[in-house]
Amino acid sequence: MTFDQIVPPMTPAQILRWYLDAGVDETIGDEALDRYALNPRVSPAIGARHSDDAPHRSAVPSPIAPQTTPFTARASSSAAAERATAAHLAEQCQTLDDLKQAMEAYDGCALKRTCQRTVFADGNPEAAVMLIGEAPGADEDRLGLPFVGASGKLLDRMLASIGLDRADTYITNVVPWRPPGNRKPEPTEVELCLPFITRHIELVGPTILVFLGGAPATALLNRHDAISRLRGRWFDYASAGLPHPVPAMPTFHPAYLLRTPHSKREAWSDFLSIRKRLGSHEEKTWPKPVR
């Protein structure tokens, strides 16, 4: 039986449909990349085994000492330069408008080339509570606002459960550009965005920070514990541009709660703690916990 009998030939349209069903949603490049040509550290013995006139011997080639290739060095140097550029741009910003313009002008993060727009923030920048998620999804990328999809609707209900809404809070993400296919941002991508979110927090100067999910807690608190261990605990967030540390509460991301409804009990407890920390200066009637 031939391969064509097992897998019938497909038309170009069928091939494209197969790629879409498999989750491919972007074209990375028009030409193939020979990665072997990029790395000169190829043992001569490997090529010799495939040569007809090479002597047959079983000797193991001596190991090649680890070294940084020119290609790796250039990539590392470029990443460091991009981080320095992001930090410099963020430091120069004196207003939120300055910061938004700087982020929209910054081209150092590859995510910006695959998304539709920069998702900056939503809500009231004068609010006491600042909520920070991980990165935009498809709905957020389309509308240019954070937390507007299904998880955003749940977040609105969570805020309402302690008498708050988007006019009483300020919402943003660590990474302002949607990763392709809604994948998690790579650590290098988060690192490039850190100067911007750090300056964002400094310019807002919130009374309380809420980290929605483990990603912002890891990035901004430099703690690598699971969110199940971090949630419900108060930490101090500090940076050079803040006059004093800001109390920060990690809690579950709304998207996680949609997948794991039984964790809403813990999230409700976290939000009650946030409400208590804010104080009782806002006399509002609290609805029942989100079900």
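Things to note:
- Selected residue [among the aliphatic types (A, V, I, L, M), within 20 Å of Pro187 (Cβ to Cβ) and out of contact with any strand residue (DSSP E or B) (no Cβ under 8 Å at 6 or more places or on another chain)] from Leu99, Leu111, Leu143: Leu111
- Matching residues, the stretch 112-140, being buried (at least 22 other Cβ atoms within 10 Å of the Cβ), under 18 Å from the mean Cα position of the chain (by Cα) and outside any loop (DSSP other than H, G, I, E, B): Met130, Leu131, Ile132, Gly133, Glu140
- The set of residues in the stretch 91-111 that are in a helix (DSSP H, G or I) and touching an Asp or Glu at 6+ places or on another chain (Cβ under 9 Å) comprises Gln92, Ala110, Leu111.
- Asp270 at pLDDT 95 or above, assigned to a helix (DSSP H, G or I) and acidic (Asp, Glu): yes
- Scanning the stretch 149-202 for residues that are of a type in the set (Ser, Thr, Tyr) and either out of contact with any Pro (no Cβ under 7 Å at 6 or more places or on another chain) or part of a loop (DSSP other than H, G, I, E, B) (or both) gives Ser161, Thr169, Thr188, Thr198.
- Residue under evaluation Ala84, criteria (1) over 17 Å from Trp177 (Cα atoms); (2) open to solvent by 50 Å² or more (accessible area, probe 1.4 Å); (3) part of a loop (DSSP other than H, G, I, E, B), criterion not met: (3)
- Within the stretch 228-249, the residues that satisfy the criterion of being out of contact with any strand residue (DSSP E or B) (no Cβ under 6 Å at 6 or more places or on another chain) and more than 18 Å from Ile197 (Cβ to Cβ) are Ser228, Arg229, Gly232, Arg233, Pro243, His244.
- The residues in the stretch 181-217 that are under 11 Å from the mean Cα position of the chain (by Cα) and not small (Gly, Ala, Ser) can be counted, and the count is 14.
- Residue in the stretch 184-196 that is within 14 Å of Leu131 (Cα to Cα) and modelled with pLDDT of 95 or more present: no
- Leading residue by the ranking (most open to solvent (accessible area, probe 1.4 Å)) among those in the stretch 204-243 that are in a loop (DSSP other than H, G, I, E, B) and basic (Lys, Arg): Arg233
- Restricting attention to the stretch 165-203, the residues that are crowded, with 20+ Cβ neighbours inside 10 Å, farther than 24 Å from Ser78 by Cβ and touching a residue at least 60 places away in the same chain (Cβ under 8 Å) total 2.
- Sub-7 Å Cβ pairs linking a first residue in the stretch 74-85 that is at negative phi to a second residue that is modelled with pLDDT of 70 or more and in a helix (DSSP H, G or I), at least 6 apart or interchain, are Ala79/Thr188; Glu82/Leu192; Arg83/Glu191; Arg83/Leu192, ordered by first then second residue.
The values are calculated or read from the model by the stated rules, or taken from the named source; none is laboratory data. Here the structure is a predicted model, which means the values were calculated and not measured. Note that we place each Cβ from the backbone using ideal geometry, even for glycine, and neighbour counts take in every protein chain shown. SASA here: full protein model, heavy atoms, side chains in, ligands and nucleic acids out. Shrake-Rupley method; radii C 1.70, N 1.55, O 1.52, S 1.80 Å.
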